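Single-structure report; data block below.
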Amino acid sequence: MKRPILIHPDPRLKKVCDPVADLSDDLRNLADDMLETMYDAPGIGLAAPQIGVLHRLIVLDCVKEDEGPARPLVMFNPEIVASSDELNVYEEGCLSIPDQYAEVTRPKQVQVNWLDRDGKEHSEEFDGLWATCVQHEIDHLNGKLFIDYLKPLKRQMITRKMQKLKRERARA
Ligand SMILES: [Zn+2]
């Protein structure tokens, strides 16, 4: 089932989310809903707070359609345990900040630990777009958005555009 995506600014997008203690069927269903919502948007990553659920859960799939089979990843309690000194710049966007893009600098590689939908532990090194995406999504779990990396003026400009978009949507 598709879920509505919250649009910035929203207090739920600024919260530090709680770790998941026990994996339940409800949480597995939530992860499936998030993947469906992400693919439909379309996007390459989605974090639970973006649909108003304040748990440490993200989903992502950075395989482009013409590049091969999909690789949907469900990560409960994802944690960055190591980051490269080498940096990478990507033009980032966010499903909670539609149609706004800006360059963000982040570590080029990160090692991430997480639990999958069956509660199995994983650890993997991500590079390039995958590394950027997983860092962007984990930021969401700490109440941080990609626009928080931008200069205040640019951030305020984007926030005002989003406030206007929300007013327009509320009227429609
Ligand atoms: Zn985002």
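Within region 71-107, can you find the residues that are free of Cβ contacts under 8 Å to residues at least 12 places away in the same chain and either aromatic (Phe, Trp, Tyr) or more than 14 Å from the ligand (Cβ to nearest atom) (or both)?
Passing the criteria: 71, 101.
What are the pairs with Cβ atoms under 7 angstrom where one residue, in region 120-139, is without any contact (Cβ under 8 Å) to a residue 40 or more places away in the chain and at negative phi and the other, located anywhere, is assigned to a helix (DSSP H, G or I) and within 15 Å of the ligand (Cβ to nearest atom)? Sequence gap at least six, or different chains.
Pairs found: 126/134.
Considering every residue within region 108-123, establish whether at least one is within 16 Å of the ligand (Cβ to nearest atom) and assigned to a strand (DSSP E or B).
no
Between a first residue in region 44-68 that is closer than 15 Å to residue 32 by Cβ and a second residue that is of a type in the set (Gly, Ala, Ser) and away from the ligand (no atom under 15 Å from the Cβ), which pairs have beta carbons less than 6 Å apart while being 6 or more apart in sequence or on different chains?
Short answer, once both residue conditions are applied: 61/70.
Give just the number: which of (1) touching a helix residue (DSSP H, G or I) at 6+ places or on another chain (Cβ under 7 Å); (2) not in a strand (DSSP E or B) does residue 46 not satisfy?
(2)
Which members of region 129-153 meet the condition of being in a helix (DSSP H, G or I), open to solvent by 80 Å² or more (accessible area, probe 1.4 Å) and within 22 Å of residue 15 (Cα to Cα)?
Within region 129-153, 149 is the sole residue that qualifies.
The values are calculated or read from the model by the stated rules, or taken from the named source; none is laboratory data. Source: prediction; values computed, not measured. A quick note on method: Cβ atoms are made from the backbone with ideal geometry, for glycine too, and the neighbour counts reach across all protein chains shown. With ligands, DNA and RNA removed, areas are computed over all heavy atoms of the protein, side chains included. Shrake-Rupley method; radii C 1.70, N 1.55, O 1.52, S 1.80 Å.
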